[in-house]
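**Student:** Attaching a single structure in structure tokens format; questions to follow.
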Amino acid sequence: MDNDRIIEHLKEICWTPEPEEKKAFFQGLEERGLTARRPEAINHWDFLLRQFFYVGKWIWLLSAVLLLCITGICYGSTGNYPFALTPLLAVGILVETGRSFRWKMAELEYTARFSLRSVMLARMFLVGVVETAGLLVVIWVVRPWFSYSLSRVFLYMMVPYLAASLSGSVYERKNRSHSGWGSIIICFMSSGLFAAAPYCLSSLYEERFSFIWTVAFILIIICLFVSVRRWICELEEAVWN
């Protein structure tokens, strides 16, 4: 069977009836002057603002609750285990990145005005910036309750958070699953590991190991950038915007 016959056969199988009132619909568009109307151009800030309101409200609520919990626990106890709560902040951004695939919207966003790559970058940027800014505020607030310097409190909170984000980004890039449970489990496992660290490796939080924490922070930042860049490159496609 040649290609022409295959095409004709597919047309017969996939035939759909003509939509009713099609002419009336397009005539109404012409009368209102909507057929020649082009989508208005928006700048990057407007695009980010629209994505801000599109991000699930539960993510912002979860982030706020976790930040308040971290602050409250640090106030009640100045041990090292409160630092292990920061990996849970990565749940929101990781679950949000898989939202398009989970709700079967990825293909639609590939062909929409803005590419899936642009949408995902905007959401990752927004959630990441808001959560990081909130965490920095918490670090500044809880610093007087610890005997550590500000830089050490910063490292002890940021390294677990970034480590969970890195692990989750690698998982999400390699497994575009239809559920966010994989990322959630990764964040809880990271939290558990850093919660056990003060008891198994208490010396790790001594001042002489600050250099190791600094190196880990820099390496994780670099690896996270590379992982996200590879992730975004895999989503490249042509768009008309």
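**Student:** Give me a count of the residues in the stretch 217-238 that are of a type outside the set (A, V, I, L, M) and either modelled with pLDDT under 85 or part of a loop (DSSP other than H, G, I, E, B) (or both). Don't jump to the end; show me each part of the working.
**Tutor:** In the first step, residues of the stretch 217-238 are kept if they are of a type outside the set (A, V, I, L, M); the result is 217, 223, 225, 227, 229-231, 233-234, 236-237.
Pick out the ones that are also either modelled with pLDDT under 85 or part of a loop (DSSP other than H, G, I, E, B) (or both) and you get 229-231, 233-234, 236-237.
Residues in the stretch 217-238 being of a type outside the set (A, V, I, L, M) and either modelled with pLDDT under 85 or part of a loop (DSSP other than H, G, I, E, B) (or both): 7 in total.
**Student:** Can you pull out every residue in the stretch 9-28 that is hydrophobic (A, V, I, L, M, F, W, C) and either modelled with pLDDT of 70 or more or touching a Leu at 6+ places or on another chain (Cβ under 9 Å) (or both)? Outline the logic, then answer.
**Tutor:** Restricting attention to the stretch 9-28, the residues satisfying the condition of being hydrophobic (A, V, I, L, M, F, W, C) are 10, 13-15, 24-26.
Scanning the stretch 9-28 gives 10, 13, 14, 24, 25, 26.
**Student:** Right, here's the next one. Residue 187 passes all but one of (1) at pLDDT 90 or above; (2) of a type outside the set (A, V, I, L, M); (3) in contact with a Pro (Cβ under 8 Å, 6 or more places away or on another chain); which number fails?
**Tutor:** Against the list (1) at pLDDT 90 or above; (2) of a type outside the set (A, V, I, L, M); (3) in contact with a Pro (Cβ under 8 Å, 6 or more places away or on another chain), residue 187 comes up short only on (1).
**Student:** So how many residues does the stretch 133-149 have that are among the hydroxyl-bearing types (Ser, Thr, Tyr) and either buried (at least 16 other Cβ atoms within 10 Å of the Cβ) or closer than 15 Å to residue 53 by Cα (or both)?
**Tutor:** Just the residues of the stretch 133-149 that are among the hydroxyl-bearing types (Ser, Thr, Tyr), to begin with: 147-149.
Checking the rest, the ones that are also either buried (at least 16 other Cβ atoms within 10 Å of the Cβ) or closer than 15 Å to residue 53 by Cα (or both) come to 148.
Number of matching residues: 1.
**Student:** Right, something else. Return the residue satisfying two criteria in turn: it lies in the stretch 43-66 and is in a helix (DSSP H, G or I) and among the β-branched types (Val, Ile, Thr), and of such residues it is surrounded by the most Cβ atoms within 10 Å (Cβ to Cβ). Give the derivation first.
**Tutor:** Our first condition is that a residue be in a helix (DSSP H, G or I); within the stretch 43-66, this holds for 44-54, 57-66.
In the following step, the residues that additionally are among the β-branched types (Val, Ile, Thr) were identified as 59, 65.
Details: 59: 20, 65: 11.
Result: 59.
**Student:** Between 155, 166, 136, 162, which is touching a Cys at 6+ places or on another chain (Cβ under 6 Å) and part of a helix (DSSP H, G or I)?
**Tutor:** 166
**Student:** While we're on this one: Looking at residue 182, is it in a helix (DSSP H, G or I), surrounded by fewer than 20 Cβ atoms within 10 Å (Cβ to Cβ) and at pLDDT 85 or above?
**Tutor:** Values: in a helix (DSSP H, G or I): yes; surrounded by fewer than 20 Cβ atoms within 10 Å (Cβ to Cβ): yes; at pLDDT 85 or above: no.
For residue 182, the condition - in a helix (DSSP H, G or I), surrounded by fewer than 20 Cβ atoms within 10 Å (Cβ to Cβ) and at pLDDT 85 or above - is not met.
**Student:** Every residue in the stretch 139-152 that is assigned to a helix (DSSP H, G or I) and in contact (Cβ under 8 Å) with a residue 24 or more places away in the chain, please. Give the derivation first.
**Tutor:** Let us first name the residues in the stretch 139-152 that are assigned to a helix (DSSP H, G or I), namely 139-145, 150-152.
Across the stretch 139-152, the qualifying residues are 141, 142, 145, 151, 152.
The values are calculated or read from the model by the stated rules, or taken from the named source; none is laboratory data. The model shown is predicted, which means the values in this text are computed figures rather than measured ones. FYI the Cβ positions are ideal-geometry reconstructions off the backbone, even for glycines, and counts take in every protein chain you see.
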